1. Less than 15 Å apart at the alpha-carbon level, and either on another chain or at least 8 residues along: which aspartates and glutamates does that give for LYS137?
2. Which FRET efficiency, nearest 0.05, do TRP142 and ILE87 yield, Cβ-Cβ r, R0 25 Å?
3. Which of LYS125/LYS216; LYS189/LYS274; LYS205/LYS254; LYS94/LYS123; LYS27/LYS274; LYS27/LYS50 have a Cα-Cα distance over 26 Å?
4. Could you grab the relative contact order for the chain? Cα pairs under 8 Å, six or more apart, rounded to a whole percent.
5. Report, in degrees rounded to the nearest 10, the 0 to 90 angle that the Cα long axis of helix 345-359 makes with the longest principal axis of the chain.
6. Sum -39500 (n - 2.57) across every DSSP H segment of at least 4 residues in the chain, then divide by the residue count to get the 222 nm mean residue ellipticity, nearest 500.
7. Per residue, how big is the convex hull of segment 187-359 when only Cα atoms are used? Give it in Å³.
8. Out of residues 5 or more away from CYS106 or on other chains, whose amide H comes under 5 Å of its own, with H placed 1.01 Å from N in the peptide plane?
Amino acid sequence: MNKLVVVSAAPLILKNEKYFLYSPYEKEMQLWAKHSDAIQFCCPVWTADKSLLIAPVSFPTLNPIVLEDFDTTYASSIIKAIPFVFINTFRIYKAMAQADHIHLRCPGNMSLLGTLVQIAFPKKKKTAKYAGNWDPKSIQPWSYRLQKWIVSNTFLTKNMQALVYGEWPNQTKNIKPFFTATYSQQESKDLEFRSKKPELKDEIKCLFVGTLSKGKQPIYAIQLVEKLSKLGKKVSLDVYGEGILRNEIEAYIKTHELTDIVTLKGNQTKENIKEAYQKSHFLILPSKSEGWPKSVAEAMFWGCVPVVTPVSCVPYMLDAGKRGLLLTEEIQKDTNALEELIGNPTDYQLKSKAAQQWSQHYTTDLFEEELKKLLGV
C-alpha cells in the first residue's frame, strides 16, 4: 500500500461534516491522491473558511491527524506556542512513522516541525514542495531560512526531492526546479478567446488577481490605472479576490472617484477568472513576495501580459521582461513604461505571444507526468 502523508500548515476546513481545502490546493492534491493508494493530511482543521476560496475535497482521504495552530510572530506568542510545538511534533512523528511517502508543504510553522522530524526517517521516500521564494538573496524570516537549509542539507535530509520555483545557481542535488499548473494541454488549444480581447487602441482592460493584502499591493495596481486614466487612456481594472484591505480599497476608490474604472469582483470561480484573462490586456500584480505566482502563469497562458514586480522567479518567468513588464515600484516610472507599451501594439503582441508560448508548456498534463516520477509510479 502506497500511503502518502501530507504535512502542512494549510488547513482542512470542516463544514457540515464535509472537508474543504483552499481551491487551487485541492485541485493539485487531486493529482497526488490519484497516484497514491491512500492519502492522509497532517494539518490544522478549521471550522470556518476565513474568506478563503475553498472547494470540497473530491477524493477519498484517511481521517486527518490534527495539528494545533500556533503563532511565533511575537515573544509572548512564542511562549504560548511551546506546548503546541511538543504536541504537534509528536503527532507529526506518528504520522510519518505510518507513511510510505512523506510530503511536506513549505514554508510554514507546521512544515518547520516537519522538516525537523523527517530527519528521523532517512529511509522513507520524501518530497517537499517549497511554495515560497527560493531566491537565496531574498530577505526572509528565520524560520523560512531554516527550512530551506534543512531540506537542502543532504547530510541531514535523506531520500528527498525538494521542489522549488525557478532555477537558482549552486543548489544541492536534491533541489528540483518545479512549477504549478492550472490548465490542461487540451485547454491550450482553445482559440476562441482571441476574439474576446478588444483592440488595445479601443479600451485597455486590466485585472488584478490575488489576496487583498499589503503583500500583494492591490492599491498600487489601482494607482497605476488611475495614472493612465488621468493621461487620457480609456482604461479599466477588475479586482479579483478578497482580504483585509477590502474596506481600505473601497474607500480609496470612492475618495478618488474611480468607481467608473475600478470594479471589485471578489472571489470568483476558475471559469470566471479564465474568461477575465482572455478578455484582458494586462494582469497587474505588484507583489512584495511570491513563490510561483499562479495568477501570472495563468494570465500568460491566455496571452494576458503580466505587469509584475521582479520577485522570486518572476524575472525567469518573464525572461527579464521579454514576456511582460517588470515593475520598479516607482509610480511615475512604471506609468511611463506601461504607457509606452500601450503605445506600441507590435511590442505588446510580441510579449503576449511569447508569454503564451512559454506558459502553455506548463500544463496539468506535464505536471501529472512529473508528479508520477516523484511518486515512483
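Bear in mind that the values in this text are calculations on the coordinates, not laboratory data. What you are looking at is a predicted structure, and each value in this text was computed from that prediction instead of being measured. Because the Cβ atoms are built from the backbone with ideal geometry, glycine has one as well, and the counts that use them run over all protein chains shown.
1. Within the straight-line limit of under 15 Å, LYS137 reaches these aspartates and glutamates: GLU167, GLU290.
2. Given R0 = 25 Å and the Cβ-Cβ separation, E is 0.65.
3. Values: LYS125/LYS216 35 Å; LYS189/LYS274 14 Å; LYS205/LYS254 20 Å; LYS94/LYS123 16 Å; LYS27/LYS274 15 Å; LYS27/LYS50 19 Å.
Check vs 26 Å cut-off fails for LYS125/LYS216.
4. 14
5. Orientation of helix 345-359: about 20 degrees from the principal axis.
6. Details: 12 runs with 139 residues, N = 377.
Calculated mean residue ellipticity at 222 nm is -11500 deg cm²/dmol.
7. Details: hull volume 18.1 nm³, N = 173.
In segment 187-359, the Cα hull volume divided by residue count equals 104 Å³.
8. Result for CYS106 returns LYS129, TYR130, ALA131.
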